[in-house]
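A.B. asks: Mind having a look at this structure? Questions to follow.
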Amino acid sequence: MARARQNPTQKLFVSSFFKKKKTTTAAINNMASVYDSKGEYDIALKWYERALEIVEKVLGSNHPDTATTYSNMASVYNSKGKYDLALEWYKRALEIREKNKQNLASGSSHINVGSDYILLKDYQNAEKHLLIGMKLANTAKSKYFVRRAAHLLHGLYRMENKPAKALLFL
């Protein structure tokens with residue numbers, strides 16, 4: 001079955017609609033970020049949930065903006081000390097970013113997942129994700145994320161009393 005063509009007016013309306021929704025979502029995310037930075041985490045989560053509702057409805061559940069909102073929510077859960085919930089949201093973001101072949105964002109997500117595994121004292125999974133994240137960050141030529149992964153790996157190996165490995169990531 002052939003898809004009906006949109007006339008120029010319909011295209012303009014659809015384009016305008018999505019731009020307005022993205023702008024609205026950005027504003028809501030900014031509100032959440034303000035509350036997050038003030039330490040008002042429950043309010044921040046409510047704002048992120050509102051943003052997520054719009055993003056999923058307008059852009060879909062596999063869109064990179066959805067992954068960003070998931071990651072933002074995970075960050076708030078980390079701030080609240082709810083590492084298990086943060087890990088769930090970081091993994092959701094990672095899954096979307098890998099589907100969309102976003103190497104740098106996937107690397108960042110792997111590093112976030114690895115960091116949470118450290119907090120949950122699951123060092124084997126932490127190491128796995130940090131090494132993958134570092135490799136992706138290196139491929140994307142992101143010195144910041146390579147350094148972040150190296151710093152976390154150094155700390156991980158020190159916690160595991162593996163000084164020779166820790167030295168590799170100074």
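The values are calculated or read from the model by the stated rules, or taken from the named source; none is laboratory data. This is a predicted model, so every value here is computed, not measured. Ideal geometry is used to build each Cβ from the backbone, glycine not excepted, and the neighbour counts take in all protein chains shown. Ligands, DNA and RNA are stripped out before the accessible areas are found, and what is left, the full protein with its side chains, is counted by its heavy atoms. Shrake-Rupley method; radii C 1.70, N 1.55, O 1.52, S 1.80 Å.
A.B. asks: Note down the accessible area of residue 31, probe 1.4 Å, to the nearest 10 Å².
C.D. replies: Estimated to the nearest 10 Å², residue 31 gives 70 Å².
A.B. asks: Whole-Hz ³J(HN,Hα) for each residue in region 93-100, computed from phi via Karplus 6.51 cos²θ - 1.76 cosθ + 1.60 with θ = phi - 60°, x for glycine and proline: what do you get?
C.D. replies: For region 93-100, the Karplus curve yields 4, 4, 4, 5, 5, 5, 4, 8 Hz.
A.B. asks: Here's a follow-up. Quick one: 3J(HN,Hα) in Hz for region 25-33, Karplus 6.51/-1.76/1.60 with θ = phi - 60°, rounded, Gly and Pro as x.
C.D. replies: Each residue's phi maps through the Karplus curve to give 4, 4, 5, 5, 4, 5, 4, 4, 4 Hz.
A.B. asks: When the Karplus curve 6.51 cos²θ - 1.76 cosθ + 1.60 is applied with θ = phi - 60°, which whole-Hz ³J(HN,Hα) does each residue of region 143-154 get, with x for Gly and Pro?
C.D. replies: Couplings: 4, 4, 6, 4, 5, 4, 4, 4, 4, 5, 5, 4 Hz.
A.B. asks: Two decimals, Cα atoms only, Kirkwood Rh: what is Rg/Rh over region 51-95? Kindly include the intermediate steps, with their values, before the conclusion.
C.D. replies: On the way: Rg = 10.3 Å, Rh = 10.3 Å.
Radius of gyration relative to Kirkwood radius: 1.00.
A.B. asks: Let me ask you something else. If you take the square roots of the eigenvalues of the alpha-carbon gyration tensor of region 65-170 and sort them as a ≥ b ≥ c, do you get rounded (a/c under 1.5), prolate (a/b over b/c) or oblate?
C.D. replies: Values: a/c = 2.30, a/b = 1.28, b/c = 1.79.
Oblate, because a/c is 1.5 or more while a/b does not exceed b/c.
A.B. asks: Using R₀ = 25 Å, calculate the FRET efficiency as 1/(1 + (r/R₀)^6) where r is the Cβ-Cβ separation of residue 38 and residue 82; round to 0.05.
C.D. replies: On the way: r = 18 Å, r/R0 = 0.73.
The formula returns an efficiency of 0.85 here.
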